[in-house]
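I have placed the structure first, in the form of structure tokens, so that the comments after it can refer back to it.
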Amino acid sequence: MKQPVFFLSLLLVLWIAGASYWYVCKIRCDCKEAAASSAEIQVTADTLAPTPEQLLLASVEEAKKFLGESGVQKGFFASSSATGEMGGISSEYLEKLKLVFGNTPAAKVELTGHADITGPEPFNLELGLKRAEFVKTFLVNAGINAEQIVTSSKGSSEPAASNSTPEGRAANRRCEIKVRI
């Protein structure tokens, strides 16, 4: 009685191991990736590990490329408001911004506030500037040097969408973030 139970238990263990191997290596193809990443990590006598400075420079260059490809970021505001959620700016974008600006003193962020057409132009210019200043405060609180941030306002002079619909007016109540490296 013990031999069949032992044999069936052994068969079950082999079945589970084989099924796991098949799923991980054949279906998900994770075996090849694990082998490649372990080969990348190994440092042989012929190659030298990069220095911390080289790693930092590589990270900064990668962050610059990311910011360049991200284009103009936009933060949107509620009607006649100069405060709001900055949900349009991802945490990854902020981290890359801090990395680049912490290591590139000549870099600048240009913040341009915009408004819809509902108010008089002097009010819209002031509102756009307040929106840009709000975003500046947000970025400074996130760790960006205030001296690297320039604010301006376009008021309602450069709409992103038509002011004839509520959706268009909502798209025009924004602050644009441009990175100059």
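Looking at this structure, is Ala132 closer than 20 Å to Arg180 by Cβ, of a type in the set (Gly, Ala, Ser), outside any helix (DSSP H, G or I) and modelled with pLDDT of 85 or more? Against the criterion (closer than 20 Å to Arg180 by Cβ, of a type in the set (Gly, Ala, Ser), outside any helix (DSSP H, G or I) and modelled with pLDDT of 85 or more), Ala132 does not qualify.
In region 144-166, is there at least one residue being under 30 Å from Gln54 (Cβ atoms), touching a residue at least 40 places away in the same chain (Cβ under 8 Å) and charged (D, E, K, R)? No, region 144-166 has no match at all. If you go through region 48-104 and pick out every residue that is crowded, with 17+ Cβ neighbours inside 10 Å, modelled with pLDDT of 85 or more and in a loop (DSSP other than H, G, I, E, B), you end up with 0.
Among residues of region 135-154 being crowded, with 17+ Cβ neighbours inside 10 Å and in a helix (DSSP H, G or I), the one that is farthest from the chain's Cα centre (by Cα) is Gln148. The numbered conditions (1) touching a strand residue (DSSP E or B) at 6+ places or on another chain (Cβ under 9 Å); (2) in a loop (DSSP other than H, G, I, E, B); (3) buried (at least 16 other Cβ atoms within 10 Å of the Cβ) are all true for Ser157 except (3). Out of region 75-116, which residues are more than 21 Å from Arg174 (Cα to Cα) and in contact with a Phe, Trp or Tyr (Cβ under 8 Å, 6 or more places away or on another chain)? Of everything in region 75-116, those that are more than 21 Å from Arg174 (Cα to Cα) and in contact with a Phe, Trp or Tyr (Cβ under 8 Å, 6 or more places away or on another chain) turn out to be Lys96, Ala107. You will find that of Ser81, Ser91, the residue that is without any contact (Cβ under 8 Å) to a residue 40 or more places away in the chain and of a type outside the set (A, V, I, L, M, F, W, C) is Ser91 and no other.
Within region 113-128, does at least one residue satisfy the condition of being in contact with a helix residue (DSSP H, G or I) (Cβ under 6 Å, 6 or more places away or on another chain), part of a helix (DSSP H, G or I) and among the charged types (D, E, K, R)?
Initial filter on region 113-128 (in contact with a helix residue (DSSP H, G or I) (Cβ under 6 Å, 6 or more places away or on another chain)): 113-116.
The next check asks that each one be part of a helix (DSSP H, G or I); those that pass are none.
No: region 113-128 contains no residue that is in contact with a helix residue (DSSP H, G or I) (Cβ under 6 Å, 6 or more places away or on another chain), part of a helix (DSSP H, G or I) and among the charged types (D, E, K, R).
For region 33-47, what are the residues that are within 30 Å of Tyr93 (Cβ to Cβ) and either β-branched (Val, Ile, Thr) or at pLDDT 85 or above (or both)?
Just the residues of region 33-47 that are within 30 Å of Tyr93 (Cβ to Cβ), to begin with: 33, 36-37, 40-41.
Of everything in region 33-47, just one residue is within 30 Å of Tyr93 (Cβ to Cβ) and either β-branched (Val, Ile, Thr) or at pLDDT 85 or above (or both), namely Ile41.
Against the condition β-branched (Val, Ile, Thr), over 18 Å from Gln73 (Cα atoms) and either buried (at least 18 other Cβ atoms within 10 Å of the Cβ) or touching a Pro at 6+ places or on another chain (Cβ under 8 Å) (or both), how does Ile117 come out, does it pass? It would help to see each step written out before you state the result.
Numbers: β-branched (Val, Ile, Thr): yes; over 18 Å from Gln73 (Cα atoms): yes; either buried (at least 18 other Cβ atoms within 10 Å of the Cβ) or touching a Pro at 6+ places or on another chain (Cβ under 8 Å) (or both): yes.
Considered against the rule, which asks whether it is β-branched (Val, Ile, Thr), over 18 Å from Gln73 (Cα atoms) and either buried (at least 18 other Cβ atoms within 10 Å of the Cβ) or touching a Pro at 6+ places or on another chain (Cβ under 8 Å) (or both), Ile117 comes out as yes.
What number of residues within region 134-143 are in contact (Cβ under 8 Å) with a residue 24 or more places away in the chain and either out of contact with any Ser or Thr (no Cβ under 6 Å at 6 or more places or on another chain) or farther than 30 Å from Ile117 by Cβ (or both)? Give the derivation first.
Going residue by residue through region 134-143, those that are in contact (Cβ under 8 Å) with a residue 24 or more places away in the chain are 134-136, 138-139, 142-143.
Going one step further and asking which of them are either out of contact with any Ser or Thr (no Cβ under 6 Å at 6 or more places or on another chain) or farther than 30 Å from Ile117 by Cβ (or both), we end up with 135, 138-139, 142-143.
Number satisfying all stated conditions: 5.
Scanning region 94-126 for residues that are among the hydroxyl-bearing types (Ser, Thr, Tyr) and either free of Cβ contacts under 8 Å to residues at least 12 places away in the same chain or under 30 Å from Ser162 (Cβ atoms) (or both) yields Thr112, Thr118.
Do we find that Arg169 is buried (at least 19 other Cβ atoms within 10 Å of the Cβ) and either modelled with pLDDT of 90 or more or in contact with a His (Cβ under 8 Å, 6 or more places away or on another chain) (or both) in this structure? Working first, answer last.
Numbers: buried (at least 19 other Cβ atoms within 10 Å of the Cβ): yes; either modelled with pLDDT of 90 or more or in contact with a His (Cβ under 8 Å, 6 or more places away or on another chain) (or both): no.
Judged against the criteria, Arg169 is not a match.
The values are calculated or read from the model by the stated rules, or taken from the named source; none is laboratory data. Here the structure is a predicted model, which is why all the values come from computation and not from measurement. We place every Cβ from the backbone using ideal geometry, glycine too, and count neighbours over all the protein chains shown.
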